[in-house]
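The values are calculated or read from the model by the stated rules, or taken from the named source; none is laboratory data. These figures come from a predicted structure and were not determined experimentally. Note that each Cβ is placed from the backbone with ideal geometry, even for glycine, and that neighbours are counted across all protein chains shown.
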Amino acid sequence: MTLAFVFVDCAQHQHSASIGRALREVQGVLEVYSTTGVYDLIVKVSADDETKLQAIIASIKSVSGVMSAITNIVYSAHEASA
């Protein structure tokens with residue numbers, strides 16, 4: 001399983017909430033967060049392999065209003081201690 005975070009920049013005339021709702025419909029998208037800072041949205045995605053991850057990223061980039069998308073693949077997770 002491949003886990004990644006996609007940092008999305010939205011078009012200025014588009015409301016990020018509507019783009020976020022559209023992104024939730026993309027298969028493989030787990031969560032979508034509206035954020036402050038350089039990027040408008042952060043999208044958490046999961047795929048069985050990198051080929052499927054590429055397809056998910058292509059789907060994200062094809063959503064109307066998405067201007068750019070930068071992907072960071074997760075290598076490891078640091079779990080919180082109980």
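Mind listing just one residue for me: the one in the range 1-20 that is of a type in the set (A, V, I, L, M) and assigned to a strand (DSSP E or B) and, of those, surrounded by the most Cβ atoms within 10 Å (Cβ to Cβ)? So the residue we want is VAL8.
Restricting VAL43, VAL66 to those that are at pLDDT 95 or above, touching a helix residue (DSSP H, G or I) at 6+ places or on another chain (Cβ under 6 Å) and buried (at least 17 other Cβ atoms within 10 Å of the Cβ) reduces the list to VAL43.
Just for the range 57-82: of the residues that are in a strand (DSSP E or B) and of a type in the set (A, V, I, L, M, F, W, C), which one is farthest from ASP40 (Cα to Cα)? Working first, answer last.
Within the range 57-82, the subset in a strand (DSSP E or B) is 66-73.
Going one step further and asking which of them are of a type in the set (A, V, I, L, M, F, W, C), we end up with 66-67, 69-70, 73.
Values: VAL66: 10, MET67: 10, ALA69: 10, ILE70: 12, ILE73: 19 Å.
This residue is ILE73.
Scanning the range 21-47 for residues that are more than 9 Å from the chain's Cα centre (by Cα) and either part of a strand (DSSP E or B) or among the small types (Gly, Ala, Ser) (or both) yields ALA22, GLY28, SER34, GLY37, SER46, ALA47.
Collect the residues in the range 60-82 that are of a type in the set (Ser, Thr, Tyr) and either more than 16 Å from ARG24 (Cβ to Cβ) or within 10 Å of the chain's Cα centre (by Cα) (or both), keeping them in residue-number order.
Step one: of the range 60-82, the residues of a type in the set (Ser, Thr, Tyr) are 62, 64, 68, 71, 75-76, 81.
Once the filter is applied, which keeps residues that are of a type in the set (Ser, Thr, Tyr) and either more than 16 Å from ARG24 (Cβ to Cβ) or within 10 Å of the chain's Cα centre (by Cα) (or both), the range 60-82 yields SER68, THR71, TYR75, SER76, SER81.
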